[in-house]
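What follows draws every value from the coordinates through simple rules; no lab data is involved. Treat the numbers as computed from the prediction; the structure is a model and nothing was measured. Positions of Cβ are generated from backbone atoms using ideal geometry, with glycine treated the same way; all protein chains shown enter the neighbour counts.
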Amino acid sequence: MDVKAYLEDSRKRVDVALDRALKDVKVSKNLFEAMSYSVNAGGKRVRPALAFAASEAMGEKAEVALPAAVALEMIHTYSLIHDDLPSMDNDDLRRGKPTNHKVYGEALAILAGDGLLTQAFYVLSDPEWKIPAERKVDITRIIADGAGSEGMVGGQVLDLEWEGKEFTEKTLEKIHIHKTGKLLRASVLAGARAAGADATTLEKLDRYAKAMGLSFQIADDVLDVTATTEQLGKDAQNDVKKKKATYPALMGVEKSKKRAATLLEEALEALRSARPKSEMLGHLARFIVERKS
Ligand code: IPE
Ligand code: IPE
Ligand code: MG
Ligand code: MG
Ligand code: MG
């Protein structure tokens, strides 16, 4: 199956489960609407696809990783809602639509993000998820690590702290690995662990995931300066305006693309060492650096 079709399949599969999970938001209709608005605004569903592909790489069905995929997309969507807030990147457009706070106001946008983050862990603890309990505990820890202060949240703080400052490649790598790489890494490891991957296999996949995760944010930085707002569904040329620490700002577009290509080769090599039972993690890593949106 080609990667576009796989992403489409993943989207369908995870969207049904996301709808079901959002039905549990009953206390406030406004909260339900604000959470649903951003989840359903579109988005590539790369993190669910990585979790599914990692499960298949272990020889299991994609569905084995479904609650992890739902949780990952909820956390990712919350991170976008908060990332766009006036006090963070202050953006008006996301996934081709007005940002959450533009529609629902800042207070509800913050709470919609909080709701999605918390609901993600409710989904992970679903007793209907028929995998051994110790795997669920491992997955919860993997995802909390990827999303939290040692992962995405930590990276988002660095991203803001380094705005407008001179930075080195070492600093930039640290920002990107945390703000973006670690949740992508968690997607791969959670999917693989759901399918029963052992510590040795997880370590090999970890090398794949680290390289892939960094390459994802390099591609995001490059697209900010090379793609149009229409292609991206978010305002282009934003990083320059905000003086963000990005790869193109440090080394220009061509060298940034080369760096991403090198990381892709590293990712593919590490993946081979894990002897995956499906090729899709490799195809997804290539898609991530070659994508146009
Ligand atoms: C955008 O992520 C934010 C980053 C971590 C770079 P995606 O490019 O996966 O956004 P969607 O989910 O497709 O909207
Ligand atoms: C965001 O990085 C990473 C997140 C954790 C959301 P960016 O700020 O570059 O993401 P975009 O370009 O707004 O999607
Ligand atoms: Mg940001
Ligand atoms: Mg942003
Ligand atoms: Mg960006």
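Can you classify segment 69-173 as rounded, prolate or oblate using the Cα gyration tensor, where a ≥ b ≥ c are the square roots of its eigenvalues, rounded means a/c under 1.5, and otherwise it's prolate if a/b beats b/c and oblate if not?
oblate
Note down the net charge around S10, summing +1 for each Lys or Arg and -1 for each Asp or Glu among other residues with Cβ under 12 Å from its Cβ.
+1
For the chain, build the charge dipole from Cβ charges (+1 Lys, Arg; -1 Asp, Glu) around the Cα centre, then report which of A57, A68, A285 sits farthest towards its positive end.
A57
For the pair K26 and E173, what calculated FRET efficiency results from E = 1/(1 + (r/R0)^6), where r is the Cβ-Cβ distance and R0 = 41 Å, to the nearest 0.05?
After rounding to 0.05, the efficiency reads 0.40.
I need the shape label for the chain. Rule: rounded when a/c is under 1.5, else prolate if a/b > b/c, else oblate, with a, b, c from the alpha carbon gyration tensor.
Oblate, since a/c reaches 1.5 and b/c is not below a/b.
Taking 0.36 nm per intervening residue step and subtracting the Cα-Cα distance, what contour gain separates K4 from T229 on full extension?
Computed gain between K4 and T229 is 78.9 nm.
Roughly how many debye, to the nearest 20, is the charge dipole of the chain about its Cα centre, given +1 on each Lys and Arg Cβ, -1 on each Asp and Glu Cβ, and no other charges?
400
Test of the criteria: in segment 13-64, which trypsin sites (Lys or Arg not before Pro) are in a DSSP loop and have at most 15 other Cβ atoms within 10 angstrom of their Cβ?
Counting only loop positions with at most 15 other Cβ atoms within 10 Å, the trypsin sites (Lys or Arg not before Pro) in segment 13-64 are K23, K26, K61.
Evaluate the relative contact order of the chain (contact order divided by residue number), counting alpha-carbon pairs under 8 angstrom at least 6 apart; express in whole percent.
22
GluC sites (Glu not before Pro) within segment 156-244: which are DSSP loop residues with at most 11 other Cβ atoms inside 10 Å?
E166
Near the amide H of L93, under 5 Å away, which other amide H atoms are found, from residues 5 or more places off or on another chain, if H is placed in the peptide plane?
T99, D235
Convert each backbone phi in segment 32-37 into a coupling constant with the Karplus relation 6.51 cos²θ - 1.76 cosθ + 1.60 (shift: θ = phi - 60°), then list the ³J(HN,Hα) values in order as whole Hz, x for Gly and Pro.
Ordered by residue, 3J(HN,Hα) equals 4, 5, 5, 5, 5, 3 Hz.
Only Lys, Arg, Asp and Glu count, each charged at its Cβ (+1, +1, -1, -1), so figure out the dipole size of segment 179-293 about its Cα centre, rounded to 20 debye.
For this selection, approximately 200 debye.
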